Amino acid sequence: MITHGDPDHSGNAAYLRAKYGAKIAMHKTEAAAVERGNMFLSRGRLPPLRRRMKPLMNLFRLRKRDRVTPDLFLKDGDRLGIDSLKGSAVTTSILIVVVIQDEEPLCIEAA
């Protein structure tokens, strides 16, 4: 699961797919960022400081070989079974929470 299109969160997805046949899942609003390698595509209007930093941040775009098209698009509120954890993942466009059986959070990833 990719939480958002920043290279530090999505940069190894293409490698994992090629090497291990991993399926890639993410929220549809972030798909353009990993398909086109531009993490700003899903950001909307940037605040003034971020706009000034954009040229610098463009140095961290995904390389063409690291760009991917997700296999599965997640929707707000989707629950995904994760057999090895015996738990589930609840996703929204800005947050994914993986929960183990006793309802304690195992991993929280904020976009």
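Only one of Ala14, Ala31 is modelled with pLDDT of 85 or more, in contact with a strand residue (DSSP E or B) (Cβ under 9 Å, 6 or more places away or on another chain) and either surrounded by fewer than 11 Cβ atoms within 10 Å (Cβ to Cβ) or not in a strand (DSSP E or B) (or both); which?
Being modelled with pLDDT of 85 or more, in contact with a strand residue (DSSP E or B) (Cβ under 9 Å, 6 or more places away or on another chain) and either surrounded by fewer than 11 Cβ atoms within 10 Å (Cβ to Cβ) or not in a strand (DSSP E or B) (or both) holds for just one of Ala14, Ala31, which is Ala31.
Keeping to the stretch 19-53, report how many residues are small (Gly, Ala, Ser) and under 15 Å from Arg67 (Cβ atoms).
Going through the stretch 19-53 one residue at a time, the tally reaches 5.
For Gly21, which of the numbered conditions (1) surrounded by 12 or more Cβ atoms within 10 Å (Cβ to Cβ); (2) modelled with pLDDT of 85 or more; (3) at positive phi fails to hold?
Condition (1) is where Gly21 drops out.
Identify, from the list Leu74, Leu59, the residue that is without any contact (Cβ under 8 Å) to a residue 40 or more places away in the chain and at negative phi.
Step by step, each of Leu74, Leu59 is checked, and only Leu59 is without any contact (Cβ under 8 Å) to a residue 40 or more places away in the chain and at negative phi.
Starting from residues that are touching a residue at least 12 places away in the same chain (Cβ under 8 Å) and of a type in the set (Lys, Arg), keep the ones in the stretch 1-30 and report whichever is nearest to Arg43 (Cα to Cα).
Among those that are touching a residue at least 12 places away in the same chain (Cβ under 8 Å) and of a type in the set (Lys, Arg), it is Lys28.
Filter the stretch 17-28 down to the residues that are under 21 Å from Asp76 (Cβ atoms), of a type in the set (A, V, I, L, M) and not in a loop (DSSP other than H, G, I, E, B) and list them by number.
Selection gives Ala25, Met26.
Please work out which residue is surrounded by the fewest Cβ atoms within 10 Å (Cβ to Cβ), limiting yourself to the stretch 34-64 and to residues that are in a loop (DSSP other than H, G, I, E, B) and basic (Lys, Arg).
Arg45
Residue by residue through the stretch 65-78, note down the ones that are at pLDDT below 80 and either surrounded by 12 or more Cβ atoms within 10 Å (Cβ to Cβ) or aromatic (Phe, Trp, Tyr) (or both).
Hits for the stretch 65-78 are Asp76, Asp78.
The values are calculated or read from the model by the stated rules, or taken from the named source; none is laboratory data. The model shown is predicted, which means the values in this text are computed figures rather than measured ones. Every residue, glycine among them, receives a Cβ derived from its backbone with ideal geometry; neighbour counts consider all protein chains shown.
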